[in-house]
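To keep things clear, I will list the structure first and then write my remarks on it.
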Ligand SMILES: *Cc1c(COP(=O)(O)O)cnc(C)c1O
């Protein structure tokens, strides 16, 4: 396979270290580059292409919507926004939704909700608990909430009002907030994505829920990456049987069409009033149709079950295949959100996998991350292992 090395992009800003191929077409869990080489997609555009590429039920629905109405702005009602909000609320056991276009925008809205929630309670300087290794986006507020110095460096001064704690340590959370009347919310990912596929433990989630209830804090769970069926439940925190007060969503919600949402329960549903928040593109008819159809097709095609079943198969196949290799620190995750932590930095594996016909990512320096479309078949899962395992083994032997 011979992908052309492209010259550095002369006009797009130099924000990404791009791999030397251009993707031009996709079908199911396959994509093709401009030279006709094909790749097995174990990344789904970073957990975005829920239904894979060019899904035969999604394409005609979006085509029809584009031919009807793409955008009209929020001066008017958008019927599909009401439909999608009701659906998300029902799936989450929550009540109201604000729509936007991206993950950081959903998180930005959540942070504003937390601050206003605090102010409404008479807290002048509300504080929000955030976590080590978290990733919440790259706006000034969300990069301040993010727990990664690389994301923050060069953009100081960071926003104030955050308290940072380690994952899965309820005593640390208690100590960091003890006697502090200014805490308004606790904000985290159920399974940290960019941070290296780090899950919050079920008991911890339940303990945090309890602490939030006891103290009147909002429990805000960033499900931008781990949500929308990826773990085998609609939202990853549902494995712990809890319900958050605020839940930002994005990535997989529109199966490729840009969309974000903040789902709120009763404690947070009526904080925003007209004039408090808004966004021009948010809730537009095209994105809303994409959300409605994505969920409808996921239900029709049983993709939650598929994610759980094929994900479990992929995880156990990887564990089996890599067992006993001292360079493999851990294989972890849930459903089709899997991290393979290696004992050394392994960024080089993304390009090697590409050359071998497989799309993956490496995050947190030493974690190979798999986020395939939820339509992945067991045979495709086996192909991922067949391509990836030898690459990892060879890399660790160098
Ligand atoms: C990707 C991601 C974001 C940011 O989403 P964008 O759409 O890139 O702004 C926020 N939180 C989590 C958990 C993410 O994975």
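Bear in mind these aren't lab numbers, they're just calculated from the coordinates by the rules spelled out. Keep in mind that what you see is a predicted model, and the values were worked out from it rather than measured. Note: ideal-geometry Cβ built from the backbone for every residue, glycine included; neighbour counts use all protein chains shown.
The table that follows gives values for the structure above.
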read-out: Degrees separating the helix 79-92 axis from the principal Cα axis of the chain, which is the longest one; value: 90
read-out: Ordering of 128-134, 297-303, 103-109, 48-54 by burial proxy (mean other Cβ atoms within 10 Å per residue, highest first); value: 103-109, 48-54, 128-134, 297-303
read-out: The range 188-206 and the range 15-42: distance between their alpha carbon centers, rounded to Å; value: 30
read-out: Relative contact order of the range 92-160, defined on C-alpha pairs under 8 angstrom at six or more residues apart (%); value: 23
read-out: Structure-based [θ]222 nm, the chain - -39500 (n - 2.57) summed over DSSP H runs of at least 4, per residue, nearest 500; value: -11000 deg cm²/dmol
read-out: Rounded, prolate or oblate (a/c below 1.5 giving rounded, otherwise prolate when a/b exceeds b/c) for the range 1-140 by Cα gyration tensor; value: oblate
read-out: Förster radius 25 Å - calculated FRET efficiency between residue 35 and residue 14, Cβ distance, rounded to 0.05; value: 0.55
read-out: Mean separation of Cα contacts under 8 Å, 6 or more apart, over the residue count of the range 126-244: relative contact order %; value: 24
read-out: Shape call, the range 52-108: gyration tensor on alpha carbons, a/c limit 1.5; value: prolate
read-out: Theoretical FRET efficiency, 1/(1+(r/R0)^6), r = Cβ-Cβ of residue 73 and residue 397, R0 56 Å, to 0.05; value: 0.45
read-out: Length-normalised contact order of the chain in % [C-alpha pairs under 8 Å, at least 6 apart]; value: 22
read-out: Cα gyration tensor category, rounded, prolate or oblate, for the range 149-206 with a/c compared to 1.5; value: oblate
read-out: Gain in span if fully extended, residue 164 to residue 348, counting 0.36 nm per residue against the direct Cα distance; value: 63.1 nm
read-out: DSSP bridge orientation in the chain - percent antiparallel, rounded to nearest 5; value: 70
read-out: Whole-angstrom gap from the range 149-182 to the range 290-311, using each part's C-alpha centre; value: 35
read-out: Computed lengthening from residue 215 to residue 23, 0.36 nm per intervening residue step minus Cα-Cα distance; value: 64.2 nm
read-out: Percent antiparallel among DSSP beta bridges (both partners in the range 175-260, rounded to 5); value: 25
